[in-house]
Structures are given as structure tokens and as C-alpha cells.
Amino acid sequence: MKCVFCQNFETSHGADGDPATAAEIAEMALELEARGCHNVNFVSPTHHSPHLLEAVKIARDRGLDLPIVWNCGGYERREIIEQLEGIVDVYMPDVKWADDGSAATYSKAPNYWSNVTDSLEEMHRQVGDLRIDDTGLATGGLLVRHLVMPNHVADAKRIVEFVAEEVSERTFVDLMAQYQPYYRARTEDVYEEINRRITQEEYEDVVAAARDAGLERLSLDQSMLSDRSGLTDLF
């Protein structure tokens, strides 16, 4: 994905970084465990999945015993996600769009909706609903995030309805309100529609839709809620 509002565009668009072999990534994972980290979190990893699968296998053969988190943008093919079964413990997709036109315009991701819905169903089939241990840490399951976008409440509503109806009402959903126009979204007039922060009303509209859809495991930005009574902010 090539989101025009990406705050990390130097890395995601410019490929700023250093190459690493599967063995080197395995060593990094083991170092994280030795330092007391709670999981190994791969961010935007899917296009590197063959090498990361190899790295996880190497690390586990050497004793790695941490959950593997697949922190992705939802723009994955089902057949790729199928290859991750038994490797990934926690899927954490950031589901951005329910409208293919918006996905193509703002994230350069054609056919986004069909891919993300297929992927979510396969992720949930593999790992089920999110599981939390006695210390409050996720040990396995699906955690769906959605960044509410200005002028795109309809997208958010369709996403939460799909999750509740087609995935599971017990899906943990993090509704995020921190969008700011970064990168091209704040400098090019063609993206004027998303060149502002969301309003309180937009956020509350999405929260109401999630509750109406039957989702109970919601993580909410309380600073955006005028009525804080009866929140279902569980974690």
C-alpha cells in the first residue's frame, strides 16, 4: 500500500532501511526475547512473508517462545495468509477502506475490499477471537484496527458491520481517532477531502454503528466521546 497520508512515508514509500537475512531477523527476535519483550511484531510484513516465515522457523528452532504478531494493512491475498497458519499467533490488520474507489485514490490499493474481507475471514479461521492472559497481554487471536478518516464515516460503518456479521461479534476492534493529514494529504489539493482531522461527531457516529452492529469488544478514544457513560472499552 502507498497511503498518501502515511506518517512513516520515508520508510514505506522510500524504502529507507537496511537489508537483513532470515538468519539475522531470527537473531533479532531472540534478542528481543532476551530483553523481555512480550512479542515479535512484524509491521507491513506481507510482501516479505517467505523470508519472515523462514526467520520465525529458525528462531523457534533456537528456542523462541514469544507470540508472533502480523501487523498489516489488510491488503493481503487469502492464499498468502493461508501460508502463515501455525506461524502467526496474533493478526492485527489495520482495515482502512470499505470502498475500492477510496482505497485506490488514497492508498493506491485497487480491489482492496475483496482482498481485506477474504483475509479477515481466513485470519479469524486460523486464530479465532483475541485471547488475553492474566497480565492483560494478547497471546493469540484477531485484533482489528480502523483509523476513522474525515468524510469517510460510511467506510467505517461498512467495516464494523462486516466484522460483526461475517467474522465474529466477539472480534476485538480498536477504533482510532488520531488521524492527521501527513505527507501528500496536507500538501496536494487533490486530497483536500482528507486534509483535516476527524470531528467528534464523525467518531461518535462510527462508535454508535459498531455498537448497533453488536460489537462489544471495543477500544475507544475517550477524548473523542462527549458521553462517556456505558462505554464498552474493555481493554
Practice task
Taking every pair of Cα atoms in region 119-235, average 1/r, invert it to obtain the Kirkwood radius, and report Rg/Rh to two decimals.
Solution key: 1.01
Problem - Low-density loop cleavage sites - GluC sites (Glu not before Pro) in region 23-115, where at most 12 other Cβ are within 10 Å (DSSP) - result: E85
Exercise for the section: Can you tell me the relative contact order of region 1-121? Whole percent, Cα pairs under 8 Å, sequence separation 6 or more. Expected result: 26 percent
Problem - Pairwise FRET efficiency - D189 versus D65, Cβ, R0 = 45 Å, nearest 0.05 - result: 0.30
Handout entry: Sites matching trypsin sites (Lys or Arg not before Pro) across region 65-96 that sit in DSSP coil, with at most 15 neighbouring C-beta atoms within 10 Å
Key = R77
Handout entry: Rounded to the nearest 20 debye, dipole of the chain from Cβ charges on Lys, Arg, Asp, Glu
Key = 240 debye
Practice task
Check each of the chymotrypsin sites (Phe, Trp or Tyr not before Pro) in region 33-117 and keep only those in coil by DSSP with at most 14 other C-beta atoms within 10 angstrom; list them in order.
Solution key: none
Exercise for the section: List the lysines whose Cα lies under 20 Å from the Cα of K157, skipping any in the same chain that are fewer than 8 positions away. Expected result: K96
Fill in the blank from the handout: In debye to the nearest 20, the charge dipole size for region 1-139, taken about the Cα centre with +1 at each Lys and Arg Cβ and -1 at each Asp and Glu Cβ, equals 220 debye
Handout entry: Selected from T135, G86, H51, residue furthest toward positive end of dipole (the chain; charges at beta carbon)
Key = H51
Exercise for the section: Percent of Cα-Cα pairs per 10 Å bin, from 0 to the last occupied bin, for region 60-145, please list those. Expected result: 18, 45, 27, 9, 1
Exercise for the section: Under a cut-off of 13 Å between alpha-carbon atoms, report the aspartates and glutamates in cross-link reach of K108, not counting same-chain residues fewer than 8 places apart. Expected result: D99, D100
Problem - Rounded to 5, the percent of DSSP beta bridges in the chain classed as antiparallel - result: 10 percent
Problem - Gain upon complete extension [H47, S223; 0.36 nm per residue less C-alpha separation] - result: 59.8 nm
Practice task
Could you grab the relative contact order for the chain? Cα pairs under 8 Å, six or more apart, rounded to a whole percent.
Solution key: 17 percent
Handout entry: Lone cysteines, the chain (no partner Cβ under 4.7 Å)
Key = C37, C72
Problem - Options V69, V160, A29, ranked by Cα towards positive dipole end of the chain, top entry (Cβ charges) - result: A29
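Computed from the coordinates by the stated procedures, all read-outs in this text should not be read as laboratory data. Fair warning: this is a prediction, and the values are worked out from it, not measured in the lab. Using ideal geometry, Cβ is built from the backbone for each residue, glycine included, and neighbour counts are taken over all protein chains shown.
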